[in-house]
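Below is one structure, written out as structure tokens; the observations come after it.
The values are calculated or read from the model by the stated rules, or taken from the named source; none is laboratory data. Computed from a prediction, not measured in an experiment: that's the story for all the values here. For neighbour counting, all protein chains shown are included, and Cβ atoms are generated from backbone atoms with ideal geometry for every residue, glycine included.
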Number of protein chains: 2
Amino acid sequence: MKLEPESMAEAITSGDRLILSRVLTLIENYDPIGIEVLSLLFQRTGRAHLVGITGAPGTGKSTIVNRIASYLRHVPQEGQLKPPEIAIIAVDPSSPFSGGALLGDRIRMRDLSGDPGIFIRSMASRGALGGLAHTTADVAAVLDAAGYDLIMIETVGAGQAEVEIASTAQTTIVIDAPGLGDDIQAIKAGLMEIADIMVVNKADRPGAKKTLKALRNALMLGHPSKPAKLNQASEDGQPEMWLPPVLSAVATRNEGIEEIVAAIQEHRRYLNHSGLNTVRERERRIAQVEYLLRERLAYEFHARHPAKHFDGVIEKVLAREFSPHQAVQSLMQDA
Amino acid sequence: MKLEPESMAEAITSGDRLILSRVLTLIENYDPIGIEVLSLLFQRTGRAHLVGITGAPGTGKSTIVNRIASYLRHVPQEGQLKPPEIAIIAVDPSSPFSGGALLGDRIRMRDLSGDPGIFIRSMASRGALGGLAHTTADVAAVLDAAGYDLIMIETVGAGQAEVEIASTAQTTIVIDAPGLGDDIQAIKAGLMEIADIMVVNKADRPGAKKTLKALRNALMLGHPSKPAKLNQASEDGQPEMWLPPVLSAVATRNEGIEEIVAAIQEHRRYLNHSGLNTVRERERRIAQVEYLLRERLAYEFHARHPAKHFDGVIEKVLAREFSPHQAVQSLMQDA
């Protein structure tokens, strides 16, 4: 069945999961129809809360994500008439070639399948890195327009790709665990700086207290003057600053999940009251438009210039007559 | 002391390490002077062999790199009058904010310092991801022109950033180790596909044989029809194909290092004889020029258009009048 973009957009807003999946595939494949559907849906975005979950390998990210989803679906929350609809995007930037088989996926399916209020999507890298973070943002926008209240974006690895992908979210949770190796500690340093919430999972393991204490100390070092009011509304309703809470959890035993959910909700309130949400959204939009602009400029440049000319310049680089920078100079001059 | 690009290029080719370090810093900071020095030096590049070393956290990459360097500096190689000069670039893409403090560095310094035939450079991400892989290639080109025979590019993490960085090298070594966690296995799948040489380090640990066997099986699956002549010259001097060897090592005890060095040299011969070196260099140059072209096009676009206009379009995206894709459409139309 061939559908027009308008019909697809309509089907998505009325809850058609089959069309939703199909449009997400179009977007992942950079199909212009997918982009058109997204543009039609764009006005309906902005309602969902986007939560990024990242952390070093071996910390149990998938389990945390699954438990948060289960908790929100089954434990009634204050002021909510019905449980939130949840979408999970599992991104694997480390598999540019294999197409990305996520090991956690089978477990996830077993835990969460059958609940019509949960939608799961796996994504792997197919092209450039910036591209994956960008496609993830587009996929999240469609899910937002489709009516999902909470969108969790989980990344498998722990490199800068993951940092970029997690930063498309409004709240970023970094998962840690005791007893990881030395070079995982190095990875963590970079991740800590993007954390809105830190979780030490597997807190029943030896060394958990030490890991918790080390993280709390490291975070306090970054915020030397502890303000009077922290993570709570001051008199004018605005919290003065956000110090990422360091929570402990044993996700496999469902311990600490309630506290993580509370911290997510607290952070969301902080984002809204402090105005930081607006500031961050502007930054994200600038980066997004800038990225798309570059893609478009390159596309138009190649459309205007014969491939032969580009190839000729490459030959000169191979012959070491031009450095790559001189090659670009030459391409631009002849433009 | 202020130097002209010409004097700096000259100083680098005559072995001035201070100027070399200074120029590498200029290049990392996207300083046009650094780019000019690189262009002046570009004709002298192409002599060094670039080896990328990557792998999941906890596999002992730094130790392997250090031991390879020590081995080549101290054990005379056939047909060589003097030991090769070696440069090591340690890249940490996971630290976009902290500036990247590599834990392995102190150990590395202790092991290798004092040898004037070894030059060590640490790099951390400061901007976009594609940028880091690109800057790494530029840094390697300067080291190549400076006369280093072997340039090892080691990455700390294991995401796609590392894959991109490692792929700037001619020979890619992927390090593995027994007893890593489940989601490290998922990371490995992506890395295996870029490996020219696989090494199972920490081979004295339990499970090493299993890891070796699993890797060999996985590699054979990817090459179902084993050719008659593998990794060795056929009658016309060209090996028919390259099946990545799976080696075992205990780097801390210096075991297996000789075999890794032999495999690197074997792979280099294969690249040259098969003509694959030329094919791959062309691919690398196209990607490099393409990346620089995009940077330049974006720069020129913004120079031609008032910032006010770009800001206005962002406002429309924030008001959800435009989707990001429609914003770019609008920017291009007014161009």
Is it the case that region B:25-40 has a residue that's within 20 Å of B:Gly117 (Cα to Cα) and part of a helix (DSSP H, G or I)?
no
Go through the residues of region A:60-71 one by one and say whether even a single one is part of a helix (DSSP H, G or I), modelled with pLDDT of 85 or more and surrounded by fewer than 18 Cβ atoms within 10 Å (Cβ to Cβ).
yes
Give region B:10-29 a look and list any residue that's free of Cβ contacts under 8 Å to residues at least 60 places away in the same chain and within 18 Å of A:Gln326 (Cα to Cα), or say none.
B:Leu26
Which condition number in (1) within 14 Å of chain B (Cβ to nearest Cβ); (2) touching a residue at least 40 places away in the same chain (Cβ under 8 Å); (3) not small (Gly, Ala, Ser) is the one that A:Val279 fails?
(2)
Every residue in region A:42-57 that is within 16 Å of A:Tyr148 (Cβ to Cβ), part of a strand (DSSP E or B) and within 14 Å of another protein chain (Cβ to nearest Cβ), please.
A:Ile53
Looking at A:Gln329 and the list (1) at the interface with chain B (Cβ under 7 Å from one of its Cβ atoms); (2) under 30 Å from B:Leu41 (Cβ atoms), which single condition is not satisfied?
(1)
State yes or no: is A:Ile35 assigned by TED's automatic domain parsing to the domain that holds A:Gly147, surrounded by 17 or more Cβ atoms within 10 Å (Cβ to Cβ) and among the aliphatic types (A, V, I, L, M)?
no
